[in-house]
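The values are calculated or read from the model by the stated rules, or taken from the named source; none is laboratory data. Computed from a predicted model, the values in this text were never measured in an experiment. Cβ placement follows ideal geometry from the backbone for every residue including glycine, while neighbour counts extend to all protein chains displayed. Surface areas here come from the heavy atoms of the whole protein model, side chains and all, with no ligands, DNA or RNA. Shrake-Rupley method; radii C 1.70, N 1.55, O 1.52, S 1.80 Å.
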Amino acid sequence: MRHEETGLVNRLKERRAERGLTQEALAEAVGVTRKTINTVERGRFVPSTVLALKLAAALGSRVEELFFLERSA
Amino acid sequence: MRMIERYERARRRAMTAYAATFFVWAGALTGFFAWVIEDRPLPQPLALLVSATTVIGFVGWAASGLWLFLLGRRIAADPKASEALNDERSRQNTDRAFVAGFWVILALAGAAIVLEVGLGVALTGKTLGLALIWLGVSVVLSLFVLLEARDAA
């Protein structure tokens, strides 16, 4: 999903699905609410660096595999 | 559903009730001051309606405020829930709501100046102050609730 203002693309939903995690489970793992995971996946919210790193760690991925700018895709 | 999600839903419901009752109560109170207290012409039934709404609205607002307070205490007793419910998205929604409230108050202040200076409508400080609080706070509360509900959808 792409965040319109910044052009940030994320593959959070796909990676989460690969790991068999619900939004709730991922939210619990990183200390946010399910709706925050939802807004990141839908490209409505750009997470902070800290949250992005937590998400990457929780999904066993590198941050660059989860988030990247469209022009570098 | 984990406890944090239950708290989040409960908070949204409590804040919706709080925002709605505040809008009704503060609006009626503003009307009460603008017409009844300052003795502007108002048909008796309407004056009674405004007065009754002020009282009923206050009771509703106080009750929803108590609900929000008690819920807040339960959440505060759970550090994980407290942190999650105040995560960066909620903080962003809070910031956006406050910014919108600021602009509404600014616009109302401008409108009051136009009314007084341009159109000669007499506004007392009490009425204007109440109107600013009524609409400014209502916008902040309502927008926060709307943003949180949209994110949860």
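Annotations
- Residue B:57 meets all of the listed conditions (1) assigned to a helix (DSSP H, G or I); (2) over 15 Å from the mean Cα position of the chain (by Cα) but one, namely (2).
- With a requirement of 1 or more residues that are in contact with a Pro (Cβ under 9 Å, 6 or more places away or on another chain) and surrounded by 13 or more Cβ atoms within 10 Å (Cβ to Cβ), the helices (runs of 4 or more DSSP H) lying completely within region B:78-153 that satisfy it span B:88-113.
- Of the residues making up region B:26-48, those that are on the phi > 0 side of the Ramachandran plot and assigned to a helix (DSSP H, G or I) number 0.
- Residue match in region A:29-51 (condition: more than 18 Å from residue B:87 (Cβ to Cβ) and open to solvent by 40 Å² or more (accessible area, probe 1.4 Å)): no
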